[in-house]
Amino acid sequence: MSSVIKVDIPENSYEITVAPGSLDQLGEQMTGLKLGKKVLLVSNPMIFKHYGERAIASLKNAGFDVVHYNLPPGERYKTLNSIQKIYDVALEHRLERSSTMVALGGGVVGDMTGFAAATWLRGINVIQVPTSLLAMVDSSVGGKTGVNHPHGKNLIGAFHQPSLVLIDPEVLKTLPAAEFRAGMAEVIKYGVIWDAELFTQLEASKHLDQLRYVKSDLINYILTHSCQAKAEVVSKDEKESGLRAILNYGHTIGHAVESLTNYRMFKHGEAVGIGMIAAGEIAVKLGLWQKEDTERQNALIKKAGLPTKLPAGLDIGELIDALQLDKKVKSGKVRFVLPTQIGEVKLTDEVPTDVIKQVLEEMQ
């Protein structure tokens, strides 16, 4: 069962294809996009071992001239130093403005490959082939690319839309269970901010913590509805001037937690889950959200096997200070995405610090 979702952006429109077995059609899918022949495929060693040769064979069969480069796995390598290494391969292979970088991997690979493509020769084509649930439903769509600064996540980056996003659900079979759970956090996020029906479907599933316990038709539903939600938001606001900021639900506190723990204690989705619980509790204390709805959200986060508490020993004062480094800070005020009902949220910079502090202390 395959689906095609259009991301309708003026001058930058593209399609998201969700289809089992589509990895082997990568070259064929790219042929219709009128791209140059030179391709740099970027992955990491673990992903490449599973899927690299299949992707390269598909590209070569379609007539592309391919080289590949493997980045070390992990958020802590999401740096300008890693981007420099991609540039070195691009220079050696003489990538031109008509050339293409293909990101085969999770969110880290996708973000870095996208940023390298955005900045090499002031911008070349990029194709996203996400291999993790988180990348499939979130980071591969929408054109946000970038790397981390030692003091904050994704502070260095650019908007650079892909020419195609190719999602093959079958590659999730080799995804570690912890990565699957991390991706489920972003799926729950779409249910809270945009798609109440998706939220209800997640509630109806007995398990959300392991792929083998989630029916394949629900996986396809999750992928298509999550991508559709993101496509609709991004089409309305490509560069986060307003509406698109709602996609950061759970990310404000989540990013601060990641940064303070040096990106080593939590996977991105785990930190987002903690951030969603915090945002939900803040919304309840401000009278924006019903206690019953935050309990429904928190039940889904627990069902997905995600952490619900802050790590012991994390300094609340430092965490509140770290919020000031968030990209969404405006005139010194932290902007929060807070739910008002299942499927709807609002943006506000009127959250008192004492409320944030109280919620964070309750989560320790």
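Numerical summary
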| read-out | value |
| --- | --- |
| Protection proxy ranking, peptides 225-232, 147-154, average beta carbon neighbours within 10 Å, highest first | 225-232, 147-154 |
| Label point at Asp315 placed 7 Å out along Cα→Cβ; residues across segment 254-281 whose backbone nitrogen lies under 19 Å | 254-265 |
| Full-extension gain in nm, Glu170 to Lys37, via 0.36 nm per residue minus C-alpha separation | 45.1 nm |
| Distance in nm between pseudo-label sites at Asp237 and Leu218 (7 Å out along the Cβ direction from Cα) | 3.1 |
| Point-charge dipole on Cβ atoms (K/R +1, D/E -1) for the chain, about Cα centre, debye to 20 | 640 |
| Full-stretch length increase - Thr261, Ala57 - with 0.36 nm per residue and alpha-carbon distance subtracted | 69.5 nm |
| Estimated inter-spin distance, Thr353 and Leu91, nm [label 7 Å along Cα→Cβ] | 4.6 |
| Global form of segment 3-172, assessed from the alpha-carbon gyration tensor, a/c cut-off 1.5 | rounded |
| Which labelled figure in (i) 33, 22, 18; (ii) 28, 25, 18; (iii) 40, 22, 20 is semi-axes √(5λ) of the Cα gyration tensor in Å, once derived from the coordinates | (i) |
| Listed pairs Lys85/Lys303; Lys144/Lys333; Lys78/Lys291; Lys60/Lys85; Lys49/Lys78; Lys49/Lys215 exceeding 32 Å between Cα atoms | Lys85/Lys303; Lys78/Lys291 |
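Quick note: the coordinates plus some simple rules give every number you see, no bench work behind them. Quick caveat, the model's predicted, so the values are computed rather than measured. Reconstructed Cβ throughout: ideal geometry from the backbone, glycine too, with neighbour counts over all protein chains shown.
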